[in-house]
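Asks: My questions all concern the structure below.
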Amino acid sequence: MIKVTGLGKQEKIFLSLALLIVVLWVLPYFILNGNAHMRIHDNLDSNLGWYEVLKDSGNMFAPVNTPMEQIMNGEFSRDTYYSEYYGMVLLFNILPPVVAYGLCQAITRIVAFLGMYLLLKKYVFKKSNPYIITIGAALTFSLTPYWPSGMLSILGMPLALWSFLNIRKGERNWKNYVVITLLPFFSTFVIGFFYFLTFIGLLWVYDLFKTKKWNLVFLLSIIYMLVIYMAIDYRLVMSMIAPASNELTNRDVFYQSKLDLIQTFKLIGKNYVISHNQDRTISQYIILPLTIICLVWVLIKNKAKDNRLFIFLHIVNLLLSTWYAFWFFEGWQPLKERFGILTSFNFGRFHYLRPMIIYVLFALSLKMLWDQGGRVRKSVYVLVIAQLLVLIPNNEEIMYKDQPSYKQYFAVDEFKEIKDYIGKPLEDYRVVSIGMHPNVAQYNGFYTLDSYSNIYPLSYKEEFRKIIEPELNKNKGLREYYDYWGGRCYIFVDELGKKYQFSKHTKKTIKNLDLNTNQLKKMGGQYILSAVPIDNATDNNLSFEKSFASKESYWKIYLYKVNGKVSQQRL
C-alpha cells in the first residue's frame with residue numbers, strides 16, 4: 001500500500017471513514033453471494049458468463065486460435081475472450097463467481113479512491129490541501145458506476161497519472177514503477193488505457209518541444225507500460241501479427257458512422273451531460289451545474305490566469321464529447337471503408353478520460369468555494385454529501401434490485417432439468433435462445449449457435465443471418481442492428497424487438513414467428529430455448545416439448561424441438 005505521510009488526526013479519521021464507505025458499498029456481494037444483484041448490460045449478459053465458460057472449457061491456457069467448440073460451432077476462438085493473465089479472469093478461475101466479482105469491485109474502488117486522492121493532493125492542490133475536498137472528490141469518484149469488467153481501465157487512470165507525473169519530474173521511487181507494472185493486470189488496453197497512454201505520450205511530446213529535453217526515463221516508462229499490456233494481451237497481438245487466416249470478421253463490416261449533423265450535435269450534448277454507459281459519472285445533477293457556475297464566475301471575474309488548469313480541463317472535457325460524437329458522423333464513413341483499422345477499432349473512446357477530468361473539475365470547483373471562506377465554505381460539505389447521496393441509488397444492489405440476481409439469472413437448477421429432459425450429451429446437439437441472452441445457456445454448458453461476441457468470422461454471421469432473415473425483413477431497426485454491427489448474433493424476433501429478458505411472469509407471446517428452420521437444422525440446431533411461448537410453432541417446423549420453471553429462477557423456459565433430420569455439418 002502507498003503510504004501517505006504528514007496527515008493530521010482529522011484527515012486520518014476522514015480517510016478511514018471514506019474507506020469504510022467503500023467497504024460498505026461492496027459488502028452486499030460477499031453477504032448475499034448468489035442473491036446479489038448486478039448490472040446486466042455488458043456484464044451478466046456477457047462477461048460474467050464468458051468467464052465461467054472459459055473456466056469450464058479447460059481452454060484457459062489453450063494455444064492461440066484454439067476454437068471454443070461450445071460456441072458458434074467452434075467458429076468462436078479462445079482469443080476472443082480475455083487473456084488468462086487479466087486479473088478478473090484469474091480471480092473468476094480460482095474463486096466462486098460472485099466472490100470474485102465482489103473482490104474485483106473492492107480492488108477497483110479502493111485503487112480509484114487512492115489514485116484520485118494522491119493526484120489531487122500532490123498535483124492539483126500543490127499548496128493548500130483541504131482534506132474534505134481531496135477525500136470527498138476521491139470518494140465520490142470511486143463510487144461511480146463504472147463498467148465492471150473493465151476494472152481499473154477507467155478508474156485506475158488517476159493513480160497511473162500520479163505515477164507518470166512523478167516519473168516525469170524526476171522521482172525514482174519504486175512505488176511509481178510498481179503502479180505502472182501492476183495496473184495492466186487489472187485493466188484493459190483496448191478499452192481504456194490505449195487512450196490514456198496516448199494522452200501521456202502527447203504530454204511527453206509537449207515536454208520535448210517545450211524543454212528540448214528527451215526525458216528518456218519518462219519515455220521509457222510509457223513504453224514499459226505499453227510492453228506489459230502487449231505481453232498480457234499476447235493473444236490479441238499474435239492475431240494481429242500472424243492471424244490464423246485472412247478471413248473477414250464481423251468487425252470488418254461495421255457501419256457506425258451514420259449520424260447526420262443534427263444527430264451528431266445531439267450526441268455531443270448527451271455524452272457531455274449524461275456520459276457513455278461504460279463511463280458514467282453521475283455528474284449531471286450536482287457536479288455539472290457547479291462546475292459551469294464556477295467557470296462563468298472565473299470568466300466574469302477575469303480570473304482565467306489563476307485558473308488555467310480549470311479552464312483547460314473544461315475545454316478538454318467538451319472536446320472529448322465532441323470527438324466521440326463526430327466519430328459516428330456520416331462524413332467519416334468513406335474513410336472508414338477505405339481504411340479497415342478505422343472500422344475494426346473504435347478511436348472515439350477517448351471519452352474514457354472524462355470521469356477523471358470531471359471529478360478533478362469537481363474538486364477545483366469545491367476549492368473555489370472553500371477559498372471564499374465563511375458560510376460559502378460550509379457549502380463544500382453540503383455538495384460532497386449531496387454527490388454521495390446522488391450516487392447511492394447507483395449502487396448495483398439498489399439500482400438492479402428489480403432485476404434478476406446472479407442466481408436467478410443463470411438458473412442452474414432449472415437448466416439442469418432441461419439437460420436431463422433432453423438426455424443427450426451436450427456436445428451432440430446445438431441450441432439457440434429466444435427472449436433471453438444466449439450466455440445463460442452457455443453458462444449452463446449448452447452448445448449454442450447464437451452468442452454475444454466482439455469478433456467472429458463474417459462467414460458465420462452471414463450463414464446465421466439466413467435463419468433470422470424473415471424476421472429481419474419485418475423490422476428495419478433489427479435488420480440494421482444486425483447487419484451494421486452484429487455483435488449480438490441472436491435469434492431476433494420482430495415482435496420482441498431488442499428485448500432479451502422476459503421473466504417467467506411475462507404475458508408476452510410470439511404470434512407470428514417466421515424463422516428459416518431449414519438453415520437452423522443445417523447449422524446443427526436441434527432445440528430452441530424460448531422465454532416466451534410461440535403460438536405458431538408448428539408453422540416453423542417446431543414441436544413444443546415441455547416448459548420449465550422454478551421458484552429460484554427468473555425464467556420460464558419453453559423447450560421446442562426442431563423437426564426433421566438434423567445435419568451436423570459445420571459451416
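Asks: Please state which one of PHE446, PHE464 is in a helix (DSSP H, G or I), at pLDDT 95 or above, more than 23 Å from the chain's Cα centre (by Cα) and surrounded by 15 or more Cβ atoms within 10 Å (Cβ to Cβ).
Replies: When all the criteria are applied, what remains is PHE464.
Asks: Now for a separate question. If we keep just the residues of the range 545-557 that are open to solvent by 30 Å² or more (accessible area, probe 1.4 Å) and out of contact with any Lys or Arg (no Cβ under 8 Å at 6 or more places or on another chain), which is modelled with the highest pLDDT?
Replies: LYS546
Asks: Could you check how many residues of the range 255-275 are surrounded by fewer than 19 Cβ atoms within 10 Å (Cβ to Cβ), of a type outside the set (Val, Ile, Thr) and either over 12 Å from TRP327 (Cβ atoms) or in contact with a His (Cβ under 7 Å, 6 or more places away or on another chain) (or both)?
Replies: Adding up the residues that qualify gives 8.
Asks: Looking at PHE113, PHE61 in this structure, which one is among the aromatic types (Phe, Trp, Tyr) and farther than 17 Å from LEU391 by Cβ?
Replies: PHE61
Asks: Give me the residue from the range 201-219 that is without any contact (Cβ under 8 Å) to a residue 40 or more places away in the chain and surrounded by 13 or more Cβ atoms within 10 Å (Cβ to Cβ) and, out of that set, farthest from the chain's Cα centre (by Cα).
Replies: LEU208
Asks: Can you go through LEU313, LEU320, LEU295, LEU353 and tell me which one is more than 23 Å from the chain's Cα centre (by Cα), hydrophobic (A, V, I, L, M, F, W, C) and closer than 18 Å to TYR195 by Cβ?
Replies: LEU313
Asks: If a residue has to be assigned to a helix (DSSP H, G or I), of a type outside the set (A, V, I, L, M, F, W, C) and at pLDDT 95 or above to count, how many in the range 124-145 make the cut?
Replies: Count: 4.
Asks: Can you say whether PHE113 is within 18 Å of the chain's Cα centre (by Cα), aromatic (Phe, Trp, Tyr) and open to solvent by less than 20 Å² (accessible area, probe 1.4 Å), as far as the supplied structure shows?
Replies: Spelling it out, it is not the case that PHE113 is within 18 Å of the chain's Cα centre (by Cα), aromatic (Phe, Trp, Tyr) and open to solvent by less than 20 Å² (accessible area, probe 1.4 Å).
Asks: Find all pairs meeting these conditions: Cβ atoms under 9 angstrom apart; at least six residues apart or on different chains; first residue within the range 272-286 and among the basic types (Lys, Arg); second residue buried (at least 20 other Cβ atoms within 10 Å of the Cβ).
Replies: ARG280/THR144; ARG280/TYR146; ARG280/TRP147; ARG280/PRO355
Asks: Then there is this: Among the residues in the range 497-514, are any in a strand (DSSP E or B), more than 26 Å from THR80 (Cα to Cα) and either at pLDDT 95 or above or in contact with a strand residue (DSSP E or B) (Cβ under 7 Å, 6 or more places away or on another chain) (or both)?
Replies: yes
Asks: Restricting to the range 31-67, what's the tally of residues that are open to solvent by less than 10 Å² (accessible area, probe 1.4 Å) and in contact with a strand residue (DSSP E or B) (Cβ under 7 Å, 6 or more places away or on another chain)?
Replies: 2
Asks: Turning to a different aspect of this structure: For residues that are closer than 21 Å to THR343 by Cβ and either hydroxyl-bearing (Ser, Thr, Tyr) or touching a Leu at 6+ places or on another chain (Cβ under 6 Å) (or both), tally how many sit in the range 253-288.
Replies: So the answer is 3.
Asks: Still on this model: Output the residues belonging to the range 118-134 that are surrounded by 24 or more Cβ atoms within 10 Å (Cβ to Cβ) and of a type in the set (Val, Ile, Thr).
Replies: Hits for the range 118-134 are ILE133, THR134.
Yes/no per residue for (1) open to solvent by less than 10 Å² (accessible area, probe 1.4 Å); (2) touching a residue at least 24 places away in the same chain (Cβ under 8 Å); (3) within 24 Å of SER275 (Cβ to Cβ):
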site	(1), (2), (3)
ASP306	no, no, no
HIS314	no, yes, yes
ALA325	yes, yes, yes
GLU330	no, yes, yes
SER344	no, yes, no
PHE347	no, no, yes
LYS367	no, yes, yes
ARG375	no, no, no
SER379	no, no, no
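Asks: Counting only residues that are out of contact with any Asp or Glu (no Cβ under 9 Å at 6 or more places or on another chain) and under 25 Å from GLY115 (Cα atoms), give me the helices (runs of 4 or more DSSP H) lying completely in the range 290-360 with at least 3 of them.
Replies: The helices (runs of 4 or more DSSP H) meeting that bar are 308-326.
Asks: Okay, next question. What is the number of the single condition among (1) in contact with a helix residue (DSSP H, G or I) (Cβ under 9 Å, 6 or more places away or on another chain); (2) farther than 30 Å from GLU462 by Cα; (3) open to solvent by less than 80 Å² (accessible area, probe 1.4 Å); (4) among the aliphatic types (A, V, I, L, M) that ILE223 does not meet?
Replies: (1)
Asks: Also, quick follow-up: Which of the residues that make up the range 381-406 are open to solvent by 40 Å² or more (accessible area, probe 1.4 Å) and touching a strand residue (DSSP E or B) at 6+ places or on another chain (Cβ under 9 Å)?
Replies: Of everything in the range 381-406, just one residue is open to solvent by 40 Å² or more (accessible area, probe 1.4 Å) and touching a strand residue (DSSP E or B) at 6+ places or on another chain (Cβ under 9 Å), namely GLN403.
Asks: Report yes if some residue within the range 413-429 is out of contact with any strand residue (DSSP E or B) (no Cβ under 9 Å at 6 or more places or on another chain), closer than 30 Å to LEU290 by Cα and in contact (Cβ under 8 Å) with a residue 24 or more places away in the chain; otherwise report no.
Replies: No, that holds for no residue.
Residue-wise test of (1) touching a Gly at 6+ places or on another chain (Cβ under 7 Å); (2) surrounded by fewer than 24 Cβ atoms within 10 Å (Cβ to Cβ); (3) not hydroxyl-bearing (Ser, Thr, Tyr).
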position	(1), (2), (3)
LEU155	no, no, yes
PRO158	yes, no, yes
PHE164	no, yes, yes
LYS169	no, yes, yes
LYS175	no, yes, yes
LEU183	yes, no, yes
VAL190	no, yes, yes
TYR195	no, yes, no
THR198	no, yes, no
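The values are calculated or read from the model by the stated rules, or taken from the named source; none is laboratory data. Predicted, not measured: the structure shown is a model, and the values here were computed from it. Don't worry about glycine lacking a Cβ; one is built from the backbone with ideal geometry, like all the others, and counts go over all protein chains shown. Protein only, heavy atoms only, side chains kept; ligands, DNA and RNA dropped before computing areas. Shrake-Rupley method; radii C 1.70, N 1.55, O 1.52, S 1.80 Å.
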